[in-house]
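See below for the structure under consideration.
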Amino acid sequence: SLGFTGVILGVFSVGGLASAVWFARRPIRRPDRTVIVTMALSGLFLLGVGMAPTTWLMLVMAFAMGATEPPMFSSMFRIRARESAPEVQAQVFTTSASLRTTAFAIGTALFGWLLHWGLGAVIAAGVALHVLALVLGVMFGPPLPPRSHWRRAR
């Protein structure tokens, strides 16, 4: 129910907080890989939220989805800093923040409109956007790191 949304968002936030504490002690070494992996995991956990047969499983999925956010965003910030020239970094970061806020507002309006077709339509659209972001990022983003970079450093 919509009344339970606050609980789901709270659990999502606790997952993000726990993850942020974890990664504050263990910095991310491969931000490119982290963005791809966390985007894929976030989409899977969103699908899990929508398909969970029990409330407890849905809350576990929401916690796990929230846990993907801090490493994803900190990795995106590191990539932006790495890829942009120092003299334009402020513009890159403010423009990306503006674009993210605009996309969030458009997404909120779109998903509110999709609620007419039910929660399943909203979840399906969210998962589809995760997949679309992964595909576009791999197709048009910078080249992926070499395979040796994806394996764990020893």
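The values are calculated or read from the model by the stated rules, or taken from the named source; none is laboratory data. Because the structure is predicted, anything quoted here is derived from the model rather than measured. Every residue, glycine among them, receives a Cβ derived from its backbone with ideal geometry; neighbour counts consider all protein chains shown. What goes into the accessible areas is simple: the full protein's heavy atoms, side chains included, and nothing from ligands, DNA or RNA. Shrake-Rupley method; radii C 1.70, N 1.55, O 1.52, S 1.80 Å.
Among residues other than Ser96 with Cβ under 12 Å from its Cβ, the summed charge is +1 (Lys and Arg +1, Asp and Glu -1). Dividing the summed helix terms, -39500 (n - 2.57) for each DSSP H run of n ≥ 4, by the number of residues in the chain produces a 222 nm estimate of -27500 deg cm²/dmol to the nearest 500.
For the chain, the solvent-accessible area works out to 67 Å² per residue, with a probe of 1.4 Å and every protein chain left in place. Note on segment 79-113 and segment 42-62: Cα centroid distance 27 Å, given to the nearest whole angstrom. Among Trp117, Trp56, Trp22, the order of accessible area from largest down is Trp56, Trp117, Trp22, computed with a 1.4 Å probe on protein heavy atoms. Leu115 sits with roughly 80 Å² accessible to a 1.4 Å probe, with DNA, RNA and ligands left out of the calculation. Each residue was assigned an accessible area with a 1.4 Å probe, and for Met51 the value is about 140 Å².
Accessible area per residue (1.4 Å probe, heavy atoms of protein chains only) ranks Ser98, Ser19, Ser74 as Ser98, Ser74, Ser19, with the largest value leading.
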